[in-house]
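Below you'll find the structure, written out as structure tokens, and then a few comments.
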Amino acid sequence: MIAIFKRIKRALLAVLMCSFTLLSCDQAKLEIQQDFPFEVQVMPVPKEIARGNTVEIRISIAQNNSYTGTGYFIRYFQFDGKGTLQYYDQPHYLPNDLYPLDSKEFRLYYTSQSAVSQSFDVWISDNFGNEKQLSFELNSSD
């Protein structure tokens, strides 16, 4: 008879533990991180440029976590002077158009087309809505 009570007690304990586990799982919210902030590092850029000359801008995207599903994009807008910006030997970027980036380390090339100071911003974003703004100001050396 005592053995039967022990078995019933164990069975009830097992049922209570399973119930508690199931209830706590229902109430716990799983947090799946879908936001992977990043930083942008830029090598020093010359402060002056002459019309027709090109400066190289070396950029590196640093990510705290490595998630293979992150896609990066670039766009730019020039608000002073006139020039062109391009990714390696690709066609020139059009202002405010969004372009995918193939690598987290890359080079941009800005070519001056004016004899006045030039200013432009570059935005790098990811597919999670994170965005970093880089501002460049180049004085005319003509």
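For this structure, a couple of remarks:
- Test result for Y72, within 11 Å of the chain's Cα centre (by Cα) and among the hydroxyl-bearing types (S, T, Y): yes
- Subset of region 84-142 [under 17 Å from V45 (Cα atoms), exposed (fewer than 12 other Cβ atoms within 10 Å of the Cβ) and at pLDDT 95 or above]: E105, Q133, S135
- Any hit, region 82-89, residues being polar (S, T, N, Q) and in contact with a Ser or Thr (Cβ under 9 Å, 6 or more places away or on another chain): yes
- Residue match in region 53-60 (condition: touching a Lys or Arg at 6+ places or on another chain (Cβ under 6 Å), surrounded by 11 or more Cβ atoms within 10 Å (Cβ to Cβ) and assigned by TED's automatic domain parsing to the domain that holds S117): yes
- Of everything listed in (1) closer than 30 Å to S112 by Cα; (2) surrounded by 12 or more Cβ atoms within 10 Å (Cβ to Cβ); (3) modelled with pLDDT under 95, the single unmet condition for Q78 is (3).
- Every residue from region 42-60 that is over 26 Å from the mean Cα position of the chain (by Cα) and of a type in the set (K, R): K47, R51
The values are calculated or read from the model by the stated rules, or taken from the named source; none is laboratory data. Computed from a predicted structure; not experimentally measured. Neighbour counts run over all protein chains shown; Cβ positions are idealised from the backbone, glycine included.
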